[in-house]
2 protein chains.
Amino acid sequence: MPTQTKENYLKAIYFLSQENIDVSITELSKKMNVSKPTANNMAKKMQEKGWLFYEKYKPVKLTIKGKRLGALIVRKHRLTEMFLSQVMSFGWEEVHDIAEEIEHINSNLFFDRMDEILGFPTLDPHGSPIPDKNGKVLKVNYLNLSTIKPGQKVRLCGLENSSKDLLLFLNKKKIKLGSVLSILHIEKFDNSFEILLENNSTILLTFDVCLSLLVEEL
Amino acid sequence: MPTQTKENYLKAIYFLSQENIDVSITELSKKMNVSKPTANNMAKKMQEKGWLFYEKYKPVKLTIKGKRLGALIVRKHRLTEMFLSQVMSFGWEEVHDIAEEIEHINSNLFFDRMDEILGFPTLDPHGSPIPDKNGKVLKVNYLNLSTIKPGQKVRLCGLENSSKDLLLFLNKKKIKLGSVLSILHIEKFDNSFEILLENNSTILLTFDVCLSLLVEEL
DNA sequence: TATATTTGTTAGATTAATCTAACTTATTAT
DNA sequence: ATAATAAGTTAGATTAATCTAACAAATATA
Ligand SMILES: [Mn+2]
Ligand SMILES: [Mn+2]
Ligand SMILES: [Mn+2]
Ligand SMILES: [Mn+2]
C-alpha cells in the first residue's frame, strides 16, 4: 500500500528516468521540491519497498516493479485527465492539478469504470500515451515542430511539456490537439515560425514554443 | 487547509453531533477506531484550529465554523456518491468507500462541476440530504417503517444506516429507493413485517430491518 | 458514603516526512 | 595533482498521527 507521498516520488523518478535511466538524488530533490537529505532518505525507503536500486553515492534506478507501479500511477493520472476533459468538460489546462490528487484514489473499479466510459482511450488530453493495465506504454513517435521545414503541413499531436502557461497560450492562439498548421515561413533572424491555421488566420510562434509542440506531417 | 485525517475526525464529530450535540472523547475514539489518547490529542488540535470547543474532562462540541466545515465535507461525500451512482453507474452499495476518499479532493471547481452535471441534486443515492454550498442541510422528515401500521402503503425514501450489508440485502430483496411497500400484516410473535412489493411478490422483513428503513406514507 | 467502574489525561515511544547544519565523497577546473 | 565545486550522507530536530502504560477525575453502584 504505497502512500500518497511515495507515489509522487515514484512518479517523479519514473519521468526523470525517461530522459536518463539513472536518476541523481539532486535531480529527484529538485523535481520534488524537497531538500537533498529528504530525497536521499526517501530513496532508501523506496529501496526497502523494492521499487528502486539504491547504492550510496550512486544514482538511483527503478526496478521492474517500480517501473510498473510508476506507470500505473501515470495511467490513473491520464485516465483521470481524460475523464475530466471528456466527461466533465474541463479544459485541458484545468485537468492536471485535479488529476494530481485523484491519481492516488485506491480503487481499481473506479479507474476501470472511467476507462470503460471513455471507450478505452490510449492518449490523454495533452496527447500523452495512457499506459495500459500492465504498465506498458505505447511508444508514440512524433516530430518536433521546430524541425519542420517551410511549406510543410502538420497536425498537432502532442506537447513536450504541458505547463498551464503553455496550454493557456495555445488556447489564446486557438491551437488545440488535432489542429492543422501550415508552415508559411521561418524568419532567419529569430527562428520564429509564421503559421497558417485552418481558420485562415496567420500566427507567429517563437522557436521556443515550436520546441514544445509535437506534430505529424500530413 | 485541513488534512485528510482531520477532515475525517471532523466528519465523525459532525455525525455524532446529530444524535447528541455533545460528543465524548470515547465516542469519538470508537467512531474513528483509535485509542482514547489519540482522540483526545486530536480534539485539542482541532480546538486550536477553531473547529471545536474543548475543555478537560468535558465532552467536545463543534463551533459554527466546525459545523459548517463538517457539512461541506459531507456535501462533497454525497455529491460524489451521487455522481458515482448517476454518471458512472455504480450501485448504491459501491459508492461509499470511493466517496470516502474523493471527499478529500481539494478543488471546488471539481465538486461544483459534479453538482452541475447532476442538476443540483438534494439527496444522495441513499436518500440522505446533500448540504448546500453554505453547509445548510435540508431537514427531511421521514417515518420509520417500524412505526407503520398494517394496511398502509409507503414509499422508501431513506435509510437509517447505509451499511453495505443492508444495501446488499435490499438489492437481493429487490427493494430500492422509491420502491412502494404495502404492509400486509405484522406478526405479533416476532414483529416481522409481511410486505407486498410493486411486482406483486410478498416478502418478509424482520423488525430490525424495518428500523433501518425510512418511508413516507402514500 | 465508600467503592468500583468508566472516562479522560499525561507521559513517553514510534513512524513518516520533512528540515538545517555539518561532514564526506566525487567530479571538475586549473 | 591540487584545489574548488558539486553531489551525497549523517546527525539531530520538528510535526502529524498514532500507540501503550500509568494515573486522575467523574460517574455509577452497592
Ligand atoms: Mn498531467
Ligand atoms: Mn499526485
Ligand atoms: Mn456514504
Ligand atoms: Mn474520508
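The values are calculated or read from the model by the stated rules, or taken from the named source; none is laboratory data. Bear in mind that the values here come from a model prediction, so they are computed numbers and not experimental data. Glycine also receives a Cβ, built like all others from the backbone with ideal geometry; neighbour counts cover every protein chain displayed. Just the protein is used for accessible areas: all its heavy atoms, side chains included, with ligands, DNA and RNA removed. Shrake-Rupley method; radii C 1.70, N 1.55, O 1.52, S 1.80 Å.
Count, for each residue of B:83-95, the Cβ atoms from other chains sitting within 10 Å of its Cβ, then give me the mean as a whole number.
2
Are there any residues in region A:107-141 with a reduction of at least 10 Å² in accessible surface when going from the isolated chain to the assembly of protein chains? Probe 1.4 Å, please list them by number.
In region A:107-141, residues shielded by partner chains: A:Ser107, A:Leu109, A:Phe110, A:Arg113, A:Ile117.
Can you give me the C-alpha center-to-center distance between region A:120-134 and region B:50-67, rounded to a whole angstrom?
Measuring centre to centre over Cα atoms gives 47 Å.
Heads up, I need the accessible area for B:Thr38: 1.4 angstrom probe, whole protein in place, Å², nearest 10.
60
Take each uninterrupted DSSP H stretch in chain B, measure its Cα extent along the helix axis, and return the ones at 30 Å or beyond whose mean Kyte-Doolittle hydropathy is at least 1.0.
none
Taking the Cα centre of chain A as the origin, how large is its charge dipole in debye, to the nearest 20, when only Lys and Arg (+1) and Asp and Glu (-1) carry charge on their Cβ atoms? Don't skip to the answer; put the middle values down first.
Values: 30 positive and 27 negative charges, 175 e Å.
Once rounded to the nearest 20, the dipole reads 840 debye.
How many nanometers, to one decimal and shortest first, lie between the label point of B:Thr38 and those of its other copies, if labels sit 7 Å from Cα toward Cβ?
Relative to the other copies, B:Thr38 has label-point distances of 2.5 nm.
Once you wrap a convex hull around the alpha carbon atoms of chain B, what is its projected area averaged over all directions, in nm²?
Over all viewing directions, chain B projects a mean Cα-hull area of 13.5 nm².
Under 13 Å from the 7 Å Cα→Cβ point of A:Ser182, by amide nitrogen: which residues of region A:131-170?
Of the residues in region A:131-170, A:151-154 have backbone N under 13 Å from the label point off A:Ser182.
Add +1 for every Lys or Arg and -1 for every Asp or Glu among the other residues with Cβ under 10 Å from the Cβ of A:Phe207, and state the total.
In short, -3.
Would you grab the residues whose amide H sits under 5 Å from the one on A:Gln152? Only those 5+ places off in sequence or on another chain, please, with H modelled 1.01 Å from N.
HN-HN under 5 Å from A:Gln152: A:Ile183.
Let a ≥ b ≥ c be the square roots of the eigenvalues of the Cα gyration tensor of the protein assembly as shown; is it rounded (a/c under 1.5), or, if not, prolate (a/b larger than b/c) or oblate?
Numbers: a/c = 2.44, a/b = 1.75, b/c = 1.40.
In terms of gyration-tensor shape, prolate.
Rounded, prolate or oblate: which fits region A:4-62 when a ≥ b ≥ c are the square roots of the eigenvalues of the alpha-carbon gyration tensor, with rounded for a/c under 1.5 and prolate only if a/b beats b/c?
The shape class here is rounded.
Take every Cα pair under 8 Å in chain B that's 6+ residues apart, average their separations, divide by the length, and report that relative contact order as a whole percent.
It rounds to 15 percent for chain B.
Tell me the relative contact order for region B:4-62 as a rounded percent, counting alpha carbon contacts under 8 Å between residues six or more apart.
Once divided by the residue count of region B:4-62, the mean separation gives 33 percent.
Relative to the Cα centre, what is the charge dipole magnitude of region B:4-62, using +1 at the beta carbon of each Lys and Arg, -1 at the beta carbon of each Asp and Glu, and rounding to the nearest 20 debye?
On the way: 11 positive and 6 negative charges, 36 e Å.
That gives region B:4-62 a dipole magnitude of about 180 debye.
For B:Phe120, place a label point 7 Å out from Cα along the Cα→Cβ vector, do the same in each other copy, and report the separations in nm, one decimal, smallest first.
So the distances to the same position in the other copies read 4.1 nm.
Radius of gyration and Dmax for region A:143-217's Cα atoms, expressed in Å?
According to the Cα coordinates of region A:143-217, Rg and Dmax are 11.0, 30 Å.
Distances in nm, one decimal, shortest first, from B:Thr3 to the same residue in every other copy, taking the label point 7 angstrom along Cα→Cβ.
Listed shortest first, these distances are 0.9 nm.
What FRET efficiency would be calculated for the residue pair B:Gln18, A:Leu218, taking the C-beta separation as r and a Förster radius of 60 Å, to the nearest 0.05?
Once rounded, the FRET efficiency stands at 0.45.
Between beta-carbons, use under 9 Å as the cut-off and find the net charge around A:Gly135, counting Lys and Arg +1, Asp and Glu -1.
+4
May I ask which residue of B:Pro131, B:Ile64, B:Leu143 lies farthest towards the positive end of the charge dipole of region B:39-146, with charges of +1 (Lys, Arg) and -1 (Asp, Glu) on Cβ and the Cα centre as origin?
Result: B:Ile64, furthest along the dipole toward the positive end.
Quickly estimate the mean residue ellipticity at 222 nm for chain A, helices only: each DSSP H run with n ≥ 4 gives -39500 (n - 2.57), and the total goes over all residues, rounded to 500.
-13000 deg cm²/dmol
Using a probe radius of 1.4 Å on heavy atoms only, what accessible surface per residue do you get for the protein assembly as shown? Whole Å² is fine.
Result: 54 Å² per residue.
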